[in-house]
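The values are calculated or read from the model by the stated rules, or taken from the named source; none is laboratory data. Computed from a prediction, not measured in an experiment: that's the story for all the values here. Please note: Cβ atoms are built from the backbone with ideal geometry, for glycine as well, and neighbour counts cover all protein chains shown.
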């Protein structure tokens, strides 16, 4: 069975539009690579690592979303 990559990406993009909000952040040049390394050491993607950091901070602040 051959998967049409164009259709697969279209489906994924549409799903993400419906289910997730996109938030763009900016950091100093070189921070991305450092953060990716830290995330990889924890077996996380950069996105998962950033979300975990946000969740931890909100928990400390006793804020539920």
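Residue-by-condition table, conditions (1) under 15 Å from the mean Cα position of the chain (by Cα); (2) modelled with pLDDT under 95; (3) assigned to a loop (DSSP other than H, G, I, E, B):
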{"position": "6", "(1), (2), (3)": "no, yes, no"}
{"position": "34", "(1), (2), (3)": "no, no, no"}
{"position": "37", "(1), (2), (3)": "yes, no, no"}
{"position": "43", "(1), (2), (3)": "yes, no, yes"}
{"position": "47", "(1), (2), (3)": "yes, no, no"}
{"position": "55", "(1), (2), (3)": "yes, no, no"}
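Residue-by-condition table, conditions (1) under 22 Å from residue 16 (Cα atoms); (2) exposed (fewer than 12 other Cβ atoms within 10 Å of the Cβ):
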| residue | (1), (2) |
| --- | --- |
| 28 | no, yes |
| 34 | no, yes |
| 42 | no, yes |
| 46 | yes, no |
| 52 | yes, no |
| 58 | no, no |
| 61 | no, yes |
| 64 | no, yes |
